[in-house]
Amino acid sequence: MTNENKLDNTKNNTSNVGGDLEFKAKEAQLQGDKIIDDLKNKAAKIKLEGEKALHNLNQKAKAKYKEGNVSFAEKSKESETEKSDSENKLHDRLEHLKTEASHKFEEAKLKVTELKHEAPVKFDELKAQVNTKFDELKKTATDKLNKFKKDDQG
């Protein structure tokens, strides 16, 4: 083999290796493009899942907010109803107490009137009893004085 043949062989080998390298580079580029596309798809899926999760979280938050508002409104209505019921009960109780006080006042007025009429009668009875007792005491005292006088004279 001559140097020229060797050179031709080397050129052919170099050309073959260059061609192989070129194919391998294109293959590597295709694989790289495929990996990039796969990564883009995965990133898009992750982004979509994140958006879905954010949307669901937002919906849950809105539902909780609405539920809280409804619950607050219900509690507020219940409170108003209870307040109204309490006011009605209080009003009824006050009316009952007013009526009861009015009856007691009327009873007291009747008792005062009754006592007012009884007082002179009782006073007259007591006055008569006192006069009777006084007369008895006066008579007893007179009797005793007369007895002492007789005893002194006799």
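Only the coordinates and a few stated rules stand behind these numbers; no lab work does. All of these numbers come straight from a predicted model, not from anything done at the bench. Every residue, glycine among them, receives a Cβ derived from its backbone with ideal geometry; neighbour counts consider all protein chains shown.
Data table
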read-out: Residue among GLY50, GLY68, GLY32 with the largest mean-square fluctuation in a Gaussian network model of the chain, springs linking Cα atoms under 10 Å; value: GLY32
read-out: 3J(HN,Hα) from dihedral phi, the range 76-84, Karplus parametrisation 6.51/-1.76/1.60, rounded to Hz, x for glycine, proline; value: 5, 5, 4, 4, 4, 5, 4, 5, 4
read-out: Anchor LYS24: lysines whose Cα lies under 30 Å away (excluding residues fewer than 8 positions away in-chain); value: LYS6, LYS11, LYS34, LYS40, LYS42
read-out: q = 0.12, 0.26 Å⁻¹: log10 I(q)/I(0) that the Debye formula gives for the range 28-119, counting C-alpha atoms only; value: -0.75, -1.13
read-out: Computed lengthening from ALA63 to LYS40, 0.36 nm per intervening residue step minus Cα-Cα distance; value: 4.9 nm
read-out: Where only alpha carbons of the chain are counted, the Rg and the Dmax (Å); value: 63.3, 208
read-out: ³J(HN,Hα), Karplus 6.51/-1.76/1.60, whole Hz, each residue of the range 45-54, x for Gly, Pro; value: 4, 4, 4, 4, 4, x, 5, 4, 4, 5
read-out: Charge dipole (the chain, unit charges on Cβ, about Cα centre) - positive-most of PHE123, ALA61, PHE148; value: PHE148
read-out: Under 15 Å from the Cα of LYS127 - aspartates and glutamates, other chains or at least 8 residues apart; value: GLU118, ASP135, GLU136
read-out: FRET efficiency for ASP33 and GLU4, using Cβ-Cβ distance with R0 set to 35 Å, rounded to 0.05; value: 0.25
read-out: Test item: Cα-centred dipole of the chain, Lys/Arg +1 and Asp/Glu -1 on Cβ, debye; value: 620 debye
read-out: Estimated inter-spin distance, GLU114 and LYS98, nm [label 7 Å along Cα→Cβ]; value: 2.8 nm
read-out: Lysines whose Cα lies under 28 Å from that of LYS83, excluding same-chain neighbours fewer than 8 positions away; value: LYS64, LYS66, LYS75, LYS98
